[in-house]
Each structure stands twice: as structure tokens, then as C-alpha cells.
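The next block holds one structure in the form of C-alpha cells; read it before the comments.
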Amino acid sequence: MIAVEGLAKRFGAVEAVRGVTFAAEDGRVTGLLGPNGAGKTTTLRMVSTLLAPSAGSVRVDGLDAAADPLAVRARLGTLSDARGLYARLTARENIAYYGELRGLAREAIDAATARLAALLELGPLLDRPTGGFSQGERMKVAIARALVHDPANVVLDEPTNGLDVMTTRSLREAVRRLREAGKCVLFSSHVMQEVAALCDEIVIVSHGAVAARGTPAAVREAAGCEDLEEAFVRLAGIEREALP
Amino acid sequence: MIARVLAVYLKEVRDALRDRRTALMILVASVITGPLTLVLVAHFVSGLESRATTLKVRIAGASHAPALVNFLQRADVEIEKAPADYEARVRQGTLDAVIVVPEDFHERWLAQDDARVRLVYDDSRTESGPAIRQAERLLEAFNRETAWLRLMARGVSPSVSETVKVDRVNAATPRQKGAVLLFLIPMFALLAPLLGGMTIAIDATAGERERGSLEPLLANPVPTAAFALGKWLAAWTSAAAVAAVTLAGFLVAAVTYAERKVPALQFGAPEYGRFLLLAVPLAAATAGVQMLIATYGRSYREAQTYVSYLATAVSFIPLAVMFTGARDAAWQAAVPALGQLMAMQRVLRGDALAVMDYAVPAAVALAIAAASVAAVARLLRDERIVFGRS
């Protein structure tokens, strides 16, 4: 359970995030939807405690991120905007390193690697250095690495960005299975179909603020149109910007 | 905390060892260049000594100066006839110095009428120095002897012509002469940790930023101090290992070749051990400072540029000491790199070092390392460092 309230972030004169409030429940997929530069990544960085908010609070399973960032990180699995791997290490070693950093025992790491390899279809790649991996393969390893400790809360920043259709499908499948396992999944995207296909709850972010939130049906209703994409365009205020 | 530090440490060491090309390059550079230089310098120095120790002069027109020849023969000096093209040869460097005697020398000498010889040499080449000085000294001695004999013939005491007698006493022990040659080993002992620590120091900081692996790394529930500590330990290990290997190369070169050529030189197992006692703590400081500097680099290359300034600064220290001829002083122990350098030179001169001579530079180095690690840990919490890519 991730609860964000009145979250704001200022970089000098720029207000990247201005009072974002939403909650991501357990056993549900919550989508943070917005055009590029809307403040999605900044919001997720504050959720994962890497950025300190200028105002507002983040609570993960009731724990305050500002007061106890290490405890919050322990309850989160984060696929951040930057997702570089160690090219000279194998996929297995990349995953194991994060397991060690999270204090898992050798056997627990091995078991988690096997479980995640099945979930993300990584099997044949495990013992190859990641330097030669395709973008989709690297993404899968980065996700596996973030989930090695079987976190209750999963934060994914644009997980399907730049992936081909097959990899995207397999990732969506993985997200559904995380939901079935009762996880709280919070992910961001600027692609409407992505969110429509997966989310139980949508939070539309525009210019650093929440433009609308609710179930896909509620969002459609709020925008007064049947088509979710049309709703997104209207609510995110893209239309006005695009036209001179 | 210790388990996390260890995990970071092992990952960095493993990652660095996987980079075979870099590891090999560093190893070859450190193992080959230093000892090779030592062998070459030893060869050069032993050549100098053999030129200076066998008394030999080259004379053109020896038959015009029977008295001089007689003097030289009495002094056990080997006389060699100079070839006709001696001037060209001196210029080329195949001859060091030639005494040229004109035809009318003997008559003028007997008549005490402005008898002259010419000494032809080229002092722009340092290796000719001993031979030139030798020829000068022999001519002076001949001069003095002639003067004495003439004064005595007139009933004057020879001491009139020599108011001050100079007895030469060379205070340099054979080992101290070797220390001049062995400026080389301390220099490499200071630079080897810089070379050895650089790759990990950069890869673990600027490299993480460039790859985009720093942000996800810091999302782990681990204090940044554990990352800084583990990464620094890995860089220190590498720096110390390269220093140990480099000095081992010198040990082998000294024992198998250089010590035979230059008996004054002594770099055996005890000296090797003492050098490591000085170089390994220094490596802690250089690895820490390199890491701190590299953390500001947004890319590997950028960090490499910053870090190379440190190597330049450190390599300047031995040169400054060499050219200013700095003497040992207590305050030097507190200056990183300089303290180690002066102590290493004392080891090579055969001086005994006290515990404090090792402890003070080591304490300073470890304090610098601790401050650097703390600063890196703080930087890793800085938003500009963590997200300031490109």
C-alpha cells in the first residue's frame, strides 16, 4: 500500500510536482499516466525515497518515507528511470548482487532467481554476461533484480518503454501475476493502451498535478467521453497545448 | 552493515577482474616498465663507474712529452694513442677526452717557456664527465709535481706553492651511492597505487553514473556509507596489489641483475617489506581521493581526466625533491606522498626506520582515506550527483 499526499518537488525555479495525492492499494495495479515531463518520474523517485520532497508525504505500508527511508526501501521493489546493469556480470550475478544488498541468504537468492526467471522468461539468459543483451532482455533483468526480495510494493517507471510487442506482452503478464499475488503495483506510462490494458486505478498527471483519478470507467465519465484515449487527451490538457 | 560492505566489495572486485584487458594492461605496465627502467639505469651507472675506475688517458702526440708520459706511467695510468680524427670522434661521443701535445712541448717545458697542452672534450654528455675530470686531475698532478721539483731545485719548500692541502674523503657509503640510482624505486612506489586504484575508483563512481546503475543501486535499503566503504576497499585492494606487484618486479630486477652491476644498490626482501609498509597505507589515501574526485565525473572519461591531475600532482613530488635537494625533516612525515618518499629514500640509504616513521605517514594516509569515504557517502545522497546525468 502506497499513499502519497500533497507531494511537491521544486528544482530551483521549476515546480516539477505540485501537490500530487493518490493511493495505490494492495492487490491492485495503479497507473500513473501522463505526457512526457508531467512529473511522473519525479513522483516515483520521491516514492522510492531517492528524492526528498519539498512538501507532502509518502507512506508505504504505513511507514513514513522521510522518517525511515531504509525501511521504506526494504518494502519496495523499484524499477527506476535509470536501469543500468553491470555488463561484465551475468544476469544471475546482477540479480544476486541486489539480493545480497537486501540481506538475503544464498538459498533465498537462488530460489528467487529461479522464480523470477520463470515469471519473466529469463531462463536461458541467466548465465550470460548482460553486456550483449537486447533492450528487452536488459529490462527483464532489471525488473528481476528489483523484485529479488519479493517486495509487497512494486514501483515500475515506464517498464515497457522501447520494448517490442512480445516483450511488452510478457511484461504485462508478469504485472498481472504480481497483482494476483496480492502486490501493490504502481507503474507509470505515457501510453494510454498500456494503462487501459492493465490498470484497476488510473491517476492522470499533467503539469505536475493530478488531473483525474479513479477506475478507467470513472475517468471516462469524468472526461465525458467513451474513449479512454480521448479522455486522457482532454484531462491531461494536451489538446490545448498541441493547438496554437 | 559489514555483510553489505562485503557484498559491495566483492562485486566491485569481481567486476574489475572480469575486465581482463584493463587488468592485463595495468599489470604489464606496472611489472615491466619499472624494473626495465631499473635494469637500464643500472647498466648505465655501472658503465659510468667502469669508465671512471680504470685509469686511462688518450694522448695525441705522446712522443712530444716524454716527461708527462713518464709521470703517467709511474702513476699506473694506461696511455692510449688517440686516433687522428680525435676531434670528430669526441664530437660523436665515441671518445670522452683527448690530451693533445704540440710538437714543441718538450723544448718549451724544459725551457720553462709557456708549455701548453690542449684537452679536447665535449661536456654536454654526462657520461663523459668522469673521464674528463680524470684527465684534468692527472694534468694538475703532473703540473704540481713539476713545480715541486723546480722549487726544491731552488731550495724552496714545496709547501710554499700549496698553502692548503685537500685530502678528498668521499662520505657516501656504497649504499648511499645506490640510493641516488634508486630514486627510481620510490617514484614507482608512489605512482603504482595511483595506477592500480584508478580503474575501480572511477568505474565504481562515475562509471555507475554513466551506466545509469547508480539510481537503482541506491534504491536498495543500504546506507550510502556502506557503498562508499565497499567501493573504496575494492579500490584500495587493487591499488595495494598493483604496488606490491610493481615492487616485486623491482625486487626481481635488483636481485637478479642490478645489484650485480651496481653493488651499491640493495633492494632485497627486507627493503621490499619496508616499502610495502609505506606504500600500502598510501594506497588507501590515493584510492579514497581518486574515488572522491571521480564521483564528480558524469562519465568515465570525464572522471579519468580529473583523476589524472592527481597522478600529475603526486609525480611532481619526487621531481621537486630531486631538484630542490630537500633534506629530511620531521614535518615531511605528515605530508602524504612526500612523507613516504623521504622514508623510502632512507630505507634505500640503509638507515634504520623507527616505528613512528611508518606510523605517522600511515595515520595521515588513513585519515585522508576516511575523510574521502565520508565525503563520497555524502555525495551519494546528493540529488545532483545521483540524477545529474548527461
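Just a few scattered comments:
- Test: residue in the stretch B:288-301 that is surrounded by fewer than 14 Cβ atoms within 10 Å (Cβ to Cβ) and under 18 Å from B:GLY196 (Cα atoms): yes
- When A:GLU107, A:GLU100 are checked against the criterion of being surrounded by fewer than 15 Cβ atoms within 10 Å (Cβ to Cβ) and not assigned by TED's automatic domain parsing to the domain that holds A:ASN36, A:GLU107 stands alone in meeting it.
- Any chance B:ARG4 is part of a helix (DSSP H, G or I), basic (Lys, Arg) and under 33 Å from the mean Cα position of the chain (by Cα): no
- Residue tally, condition in a helix (DSSP H, G or I) and within 14 Å of chain A (Cβ to nearest Cβ), over the stretch B:7-51: 16
- Test result for A:VAL148, among the β-branched types (Val, Ile, Thr), closer than 22 Å to B:ARG211 by Cβ and either in a helix (DSSP H, G or I) or within 14 Å of chain B (Cβ to nearest Cβ) (or both): yes
- All told, A:LEU70 falls short of being within 12 Å of chain B (Cβ to nearest Cβ), buried (at least 16 other Cβ atoms within 10 Å of the Cβ) and under 21 Å from A:LEU186 (Cα atoms).
- Some residue of the stretch A:182-191 being surrounded by 18 or more Cβ atoms within 10 Å (Cβ to Cβ), farther than 22 Å from A:ALA152 by Cα, touching a residue at least 12 places away in the same chain (Cβ under 8 Å) and under 13 Å from the mean Cα position of the chain (by Cα): yes
- Matching residues in the stretch A:42-60 - criterion: being surrounded by fewer than 20 Cβ atoms within 10 Å (Cβ to Cβ) and under 23 Å from A:GLY214 (Cβ atoms): A:GLY56, A:SER57, A:ARG59
- Residue satisfying condition, being more than 10 Å from chain B (Cβ to nearest Cβ), in a helix (DSSP H, G or I) and over 20 Å from A:LEU178 (Cβ atoms), within set A:ARG59, A:ARG92: A:ARG92
- The stretch A:204-232, subset within 24 Å of the chain's Cα centre (by Cα) and either among the charged types (D, E, K, R) or more than 20 Å from A:VAL20 (Cβ to Cβ) (or both), residue surrounded by the fewest Cβ atoms within 10 Å (Cβ to Cβ): A:ALA217
- Of residues in the stretch B:196-207 being buried (at least 24 other Cβ atoms within 10 Å of the Cβ) and over 26 Å from the mean Cα position of the chain (by Cα), the one farthest from the other protein chains (Cβ to nearest Cβ): B:ALA201
- Residue tally, condition closer than 30 Å to A:VAL165 by Cβ and in a helix (DSSP H, G or I), over the stretch A:95-138: 21
- Qualifying position, being of a type in the set (Gly, Ala, Ser), within 26 Å of B:ARG209 (Cα to Cα) and part of a strand (DSSP E or B), among A:ALA38, A:ALA71, A:ALA16, A:ALA82: A:ALA16
- Criterion (of a type in the set (A, V, I, L, M, F, W, C), surrounded by 15 or more Cβ atoms within 10 Å (Cβ to Cβ) and either at pLDDT 80 or above or in a helix (DSSP H, G or I) (or both)) met by exactly one of B:ALA115, B:ALA88: B:ALA115
Conditions (1) modelled with pLDDT under 90; (2) assigned by TED's automatic domain parsing to the domain that holds A:LEU33; (3) within 15 Å of A:ALA142 (Cβ to Cβ), marked per residue:
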| position | (1), (2), (3) |
| --- | --- |
| A:THR167 | yes, yes, yes |
| A:SER170 | yes, yes, yes |
| A:VAL175 | no, yes, yes |
| A:CYS184 | no, yes, no |
| A:HIS190 | yes, yes, no |
| A:GLU194 | yes, yes, no |
| A:LEU198 | yes, yes, no |
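Residue-by-condition table, conditions (1) under 14 Å from the mean Cα position of the chain (by Cα); (2) without any contact (Cβ under 8 Å) to a residue 60 or more places away in the chain; (3) on the phi > 0 side of the Ramachandran plot:
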site: A:SER48; (1), (2), (3): yes, no, no
site: A:ALA55; (1), (2), (3): no, yes, no
site: A:ASP64; (1), (2), (3): no, yes, no
site: A:ALA67; (1), (2), (3): no, yes, no
site: A:ALA74; (1), (2), (3): no, no, no
site: A:LEU79; (1), (2), (3): yes, no, no
site: A:ALA82; (1), (2), (3): yes, yes, no
site: A:LEU85; (1), (2), (3): no, no, no
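- Subset tally (residues that are surrounded by fewer than 15 Cβ atoms within 10 Å (Cβ to Cβ) and outside any loop (DSSP other than H, G, I, E, B)) for the stretch B:57-78: 6
- Among the residues of the stretch B:322-338, at least one is surrounded by 14 or more Cβ atoms within 10 Å (Cβ to Cβ), assigned to a helix (DSSP H, G or I), more than 14 Å from chain A (Cβ to nearest Cβ) and modelled with pLDDT under 90.
The values are calculated or read from the model by the stated rules, or taken from the named source; none is laboratory data. Note that the structure is predicted; figures quoted are calculated from it, not measured. In this analysis, Cβ positions are derived from the backbone assuming ideal geometry, glycine residues included, and neighbour counts consider all displayed protein chains.
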